[in-house]
Amino acid sequence: MIAKVASKKAPKQGMLENVMRQFDNAADIIELNTNIRKILEVTNNEIVVHFPVRMDNGEVEIFTGYRVQHNNSLGPYKGGLRYHPTVDIDAAKALAMWMTWKTSLAGLPYGGAKGGIQLDPNKYSDSELERITRRFTYALGDNIGPELDIPAPDVNTNPQTMAWILDTYMSTKSPAERSTNMHVVTGKPIGAGGSKGRDRATGFGVFLTIKFWAESNNVDLKDKKFIVQGFGNVGYWAAYFLVNEGAILTAVQDAYGSIVNEEGINVDELLNYTKGNKGSILGYAKARTLDNADFFSLDCDICIPAALGNQITAKNASKIKAYLIAEGANGPTDVDAEEILLKKGIDIIPDILCNSGGVIGSYFEWLQNRNGEIWSLEEVMEKLEKKMRESFTTVLETSKKRNVDMRTAAFVIAIERLEEAYVQRGIFP
Ligand code: NAD
């Protein structure tokens, strides 16, 4: 039997303190209007629902679900739904805030939200997960909506989860309204109104930011060694595109353990292996097992945390050998670790830039549903690359102009856009 590290311990992630420290740092630098600061420091709505679901054995279990809506001054709330034992109100608040900064930085007409259910999905059958998802959607009711708050996949949720949410949401509407609600969620399967390219959008965006960073630093990605924590949607696709560019994947860590092979790990072979191994990388024959504690200190050029928050901390930061960290995950590096890394001269492509390809891809899906359009894969990828390049360039320019690191620059841009909206509109009444 495979032991699952994450679900056994389910440690509190403490991400809220980090996002607030990141916000305070940037707000101080731009001398953010004090009234607007008060607004952005708090979340608009925090929805907690407890709901019953019948299990396969006939017993009823009560679940707790969360949806936190941080800010919607730039447009409807947008953000993923996570199914994980570490989901709680503080984690949802932190992740919702990151979404507000992310959508603002990307120049999208969205605000920020996040949510999920505190559970370990490995403990439930597919039909139980379907009933849990449908009942959660029903419990959220009109707190979500295509022009109000649009969920998307995150850790342990996927296109199938989104299809169940869509179907449940549509089923609660009158027949005339049903098909006007396709854009209540993004990240749907193509057959259920999804967009081509949304599956790979986040990982492709992670890869693009690494490529743009390499271009601006005169680094050739060919034969560069990289390691990936998390081999899910984001980790897999980021690795796939990097390997296509000639880089070498030397180590992977997931919830079950870590594997290493300095000669290179074949991304698609590993993916196929995990599919027949309950999603786990452990036991893959063409790599050695590695102690989890030694993962981040491996010799490599690029490190991609693409799992959970607070993975790179003051405890392991000083051991990191990579010269570039590309944050596929949300909040993988805590503030203390970041100070250590920056002092060591390690560059960090911050989450709100690095993984923003996901929400940009979601925006494209939402637009297509809203307008009754269907775009080709080439069109989606081209538009995505253009938007990612714009964001990356603005962050780099701001970081040079203000002489700050990339995260601070990204926060400065995001917060200034929100400040401008509030100054222009004023505060009702
Ligand atoms: P996923 O569920 O598809 O994959 C998660 C991966 O992380 C799995 O391989 C899992 O085994 C691994 N993992 C879980 N706990 C771990 C632990 N303690 N140590 C090491 N590995 C662990 O999730 P995903 O959609 O790829 O999301 C990964 C990260 O990217 C999250 O932080 C998420 O918020 C962020 N993100 C996702 C998207 C998206 O479009 N899916 C967009 C932006 C950001």
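Could you name every one of the strands (runs of 3 or more DSSP E) located completely within region 290-376 that has at least 1 residues being open to solvent by 20 Å² or more (accessible area, probe 1.4 Å) and in contact with a strand residue (DSSP E or B) (Cβ under 9 Å, 6 or more places away or on another chain)?
In region 290-376, 347-349 are the strands (runs of 3 or more DSSP E) which contain 1 or more residues that are open to solvent by 20 Å² or more (accessible area, probe 1.4 Å) and in contact with a strand residue (DSSP E or B) (Cβ under 9 Å, 6 or more places away or on another chain).
In this structure, does residue 157 turn out to be within 16 Å of the ligand (Cβ to nearest atom), assigned by the TED database to the domain that holds residue 76 and buried (at least 22 other Cβ atoms within 10 Å of the Cβ)?
yes
Answer yes or no as to whether residue 418 is over 19 Å from the mean Cα position of the chain (by Cα) and either open to solvent by 10 Å² or more (accessible area, probe 1.4 Å) or not assigned by the TED database to the domain that holds residue 236 (or both).
Considered against the rule, which asks whether it is over 19 Å from the mean Cα position of the chain (by Cα) and either open to solvent by 10 Å² or more (accessible area, probe 1.4 Å) or not assigned by the TED database to the domain that holds residue 236 (or both), residue 418 comes out as yes.
For the condition within 12 Å of the ligand (Cβ to nearest atom) and open to solvent by 40 Å² or more (accessible area, probe 1.4 Å), what is the one hit in 270, 282?
Only one candidate qualifies: 282.
Just give me the residues in region 290-309 being more than 14 Å from the ligand (Cβ to nearest atom) and either farther than 22 Å from residue 326 by Cα or charged (D, E, K, R) (or both), in sequence order.
The answer is 299, 301.
Only one of these is among the polar types (S, T, N, Q), over 24 Å from residue 77 (Cβ atoms) and either within 16 Å of the ligand (Cβ to nearest atom) or touching a residue at least 24 places away in the same chain (Cβ under 8 Å) (or both): 362, 376. Name it.
376
Tell me which residues, restricted to region 274-289, are assigned to a helix (DSSP H, G or I) and in contact with a Ser or Thr (Cβ under 9 Å, 6 or more places away or on another chain).
The one that is assigned to a helix (DSSP H, G or I) and in contact with a Ser or Thr (Cβ under 9 Å, 6 or more places away or on another chain): 274.
Give the residues of region 100-125 that are crowded, with 24+ Cβ neighbours inside 10 Å and either within 11 Å of residue 68 (Cα to Cα) or of a type in the set (Phe, Trp, Tyr) (or both), sorted by residue number.
Selection gives 101, 110, 112, 113, 114, 115, 116.
For the list (1) touching a residue at least 40 places away in the same chain (Cβ under 8 Å); (2) surrounded by 20 or more Cβ atoms within 10 Å (Cβ to Cβ); (3) assigned by the TED database to the domain that holds residue 135, I need the number of the one condition that residue 88 fails.
The one condition residue 88 does not meet is (2).
Any chance region 40-62 includes a residue that's out of contact with any Lys or Arg (no Cβ under 9 Å at 6 or more places or on another chain) and open to solvent by less than 20 Å² (accessible area, probe 1.4 Å)?
There is at least one residue in region 40-62 that is out of contact with any Lys or Arg (no Cβ under 9 Å at 6 or more places or on another chain) and open to solvent by less than 20 Å² (accessible area, probe 1.4 Å).
With a cut-off of at least 2 residues that are away from the ligand (no atom under 16 Å from the Cβ) and more than 16 Å from residue 415 (Cβ to Cβ), name the strands (runs of 3 or more DSSP E) lying wholly within region 28-104.
45-54, 60-71
Select from region 170-198 the residues that are closer than 16 Å to residue 149 by Cα and touching a Pro at 6+ places or on another chain (Cβ under 9 Å) and list them in ascending order.
Across region 170-198, the qualifying residues are 180, 181, 182, 183, 184, 185, 186, 187, 188.
Condition test on residue 93, is it within 17 Å of the chain's Cα centre (by Cα), assigned by the TED database to the domain that holds residue 53 and surrounded by fewer than 24 Cβ atoms within 10 Å (Cβ to Cβ)?
yes
Taking region 384-399 on its own, how many of its residues are farther than 16 Å from residue 108 by Cβ, of a type in the set (Ser, Thr, Tyr) and open to solvent by less than 50 Å² (accessible area, probe 1.4 Å)?
2
The values are calculated or read from the model by the stated rules, or taken from the named source; none is laboratory data. Quick caveat: nothing in here was measured; it's all calculated off a predicted structure. No Cβ is skipped: glycine too gets one built from the backbone with ideal geometry, and neighbour counts run over all protein chains shown. Keep in mind that these areas ignore ligands, DNA and RNA; they rest on the heavy atoms of the full protein, side chains included. Shrake-Rupley method; radii C 1.70, N 1.55, O 1.52, S 1.80 Å.
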